[in-house]
């Protein structure tokens, strides 16, 4: 497996500075990857282990994560959907030149038509509205279209804003799933503040042994 810690070393993730910005403003207000670095490293391991060749990100902030993943893996198909949220704070959204992009809410009819046109996707990361009803809606919409895996950010639900993701993930018993959950070292913590859950409709598809440092 590639050394993703080294390959991601120059990419800014959610660290102590980002946390201070969030505590002050309620948003990070910076062009960074809104992920726990250790969990991002493990997500890259998952992408390699399961040969993910097409990727959709729903809720892309400034586009930093999708840009980074495409740089590392050169997906055959890459796409992103966002309602332009980062622009409300004066930030730009910058995506890979090859990316298909829809600026619309993920629960809209425009999204469904656009998603249908994308066809099969190996991995869809749902990281938009974190309210319970919105996460459930995004799951129900995206499960209808061809895919291998649906992933959810913030399954730990450690803040009031993310508790809806935790509730939805706890209720999702069908299919198979794994959790990428690591201490948030850049915040000096021994527990996660985020967590990534990955789901497949087929029982037995996801095997924790194939990906380093994940919790079943």
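The values are calculated or read from the model by the stated rules, or taken from the named source; none is laboratory data. Not measured: the values here are computed from a predicted model. Every residue, glycine as well, gets a Cβ built from its backbone with ideal geometry; the counts of neighbours run over all protein chains shown.
Some notes on this structure:
- Residue match in the stretch 127-146 (condition: part of a strand (DSSP E or B) and under 16 Å from the mean Cα position of the chain (by Cα)): no
- Residues in the stretch 128-145 that are over 12 Å from residue 58 (Cβ atoms) and touching a residue at least 40 places away in the same chain (Cβ under 8 Å): 143 alone.
- Only one entry of 150, 56 meets the criterion of being closer than 26 Å to residue 1 by Cα and in contact (Cβ under 8 Å) with a residue 60 or more places away in the chain, and that entry is 56.
- Which numbered condition residue 5 fails, given (1) surrounded by fewer than 21 Cβ atoms within 10 Å (Cβ to Cβ); (2) farther than 24 Å from residue 88 by Cβ; (3) free of Cβ contacts under 8 Å to residues at least 24 places away in the same chain; (4) in contact with a helix residue (DSSP H, G or I) (Cβ under 9 Å, 6 or more places away or on another chain): (3)
- Checking 172, 206 one by one, the residue that is within 18 Å of the chain's Cα centre (by Cα), on the phi < 0 side of the Ramachandran plot, at pLDDT below 95 and surrounded by 13 or more Cβ atoms within 10 Å (Cβ to Cβ) is 206 and no other.
- The set of residues in the stretch 161-188 that are over 12 Å from residue 38 (Cα atoms), out of contact with any strand residue (DSSP E or B) (no Cβ under 6 Å at 6 or more places or on another chain) and part of a loop (DSSP other than H, G, I, E, B) comprises 172, 173, 174, 188.
- Filtered residues of the stretch 138-153 (kept if surrounded by fewer than 16 Cβ atoms within 10 Å (Cβ to Cβ) and closer than 21 Å to residue 179 by Cα): 140, 143
- The residues of the stretch 106-127 that are farther than 28 Å from residue 49 by Cβ and either in contact (Cβ under 8 Å) with a residue 24 or more places away in the chain or crowded, with 16+ Cβ neighbours inside 10 Å (or both), listed by number, are 107, 111, 112, 114, 116.
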